[in-house]
Amino acid sequence: MAVTLLRHTQPAAEPGLCYGASDLTLAASFPDEAEALIPALPATDRIVTSPLFRCRVLAERLSGHFGCRLNEDPRLKEMDFGQWEGRPWADIPPVEINAWASDFLQARPHGGESVAMLRKRTLEALEEYRSLDGHTLIVTHAGVIKAALAADETAESHAASIGFSGFVTLID
């Protein structure tokens, strides 16, 4: 019925780092970020999380707060940027970035996932969770949220901005 997509809190990563599917720890500010977030979230019947640590730890805390079961779903992971993972975006060769930009949906110059692959698994997961009764809280990543909000398959449609601890609720 309703699904809230919540981006994880700040990871322990340098700004400008490409970390997609990398399993990062959380910033030292995590306890304060999580506590500040809780009152803003809607009541929920279930929590589903990306299996990556930066989501799972927040989801575990929220599960305890809301008193509901927690499930992991690998379809909710961030995009896998292949050989770009762990590299500063500024160090990625412009020819590779340009190849990605020229075929935004299908290109995989990094050898990881394409945006189309991320979009397909995201929309499959959302279809399932939107069919359930009650409210589902999904703890996930910016790429997944962008794919969920995209009206079509263009780069412009995937340009939504969602900060750490940001969330959006989709109501059917």
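Just so it is clear, none of the values below were taken in a lab; they were calculated from the coordinates. It should be emphasised that the depicted structure is a prediction, and the values quoted were computed from it without experimental measurement. For neighbour counting, all protein chains shown are included, and Cβ atoms are generated from backbone atoms with ideal geometry for every residue, glycine included.
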Worksheet item: Mind checking whether some residue in the stretch 83-91 is without any contact (Cβ under 8 Å) to a residue 60 or more places away in the chain and under 25 Å from R121 (Cβ atoms)?
Response: yes
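Condition check ((1) loosely packed, with under 14 Cβ neighbours inside 10 Å; (2) more than 18 Å from F81 (Cβ to Cβ)) across all residues:
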residue	(1), (2)
E127	yes, yes
H158	no, no
S165	no, yes
L170	no, yes
Item to complete: Select from the stretch 132-168 the residues that are among the polar types (S, T, N, Q) and within 23 Å of K120 (Cβ to Cβ) and list them in ascending order.
Response: T136, T140, T154, S157, S161
Practice prompt. Return the only residue of V115, V144 being under 16 Å from the mean Cα position of the chain (by Cα), of a type in the set (V, I, T), over 21 Å from N71 (Cα atoms) and crowded, with 19+ Cβ neighbours inside 10 Å.
Written response: V115
Fill in: Residue check, H135 in contact (Cβ under 8 Å) with a residue 60 or more places away in the chain and more than 16 Å from the chain's Cα centre (by Cα)
yes
Discussion item. Give me the strands (runs of 3 or more DSSP E) completely within the stretch 1-73, filtered to those with at least 3 residues that are touching a helix residue (DSSP H, G or I) at 6+ places or on another chain (Cβ under 9 Å) and crowded, with 19+ Cβ neighbours inside 10 Å, ordered by residue number.
Written reply: 2-7, 46-49
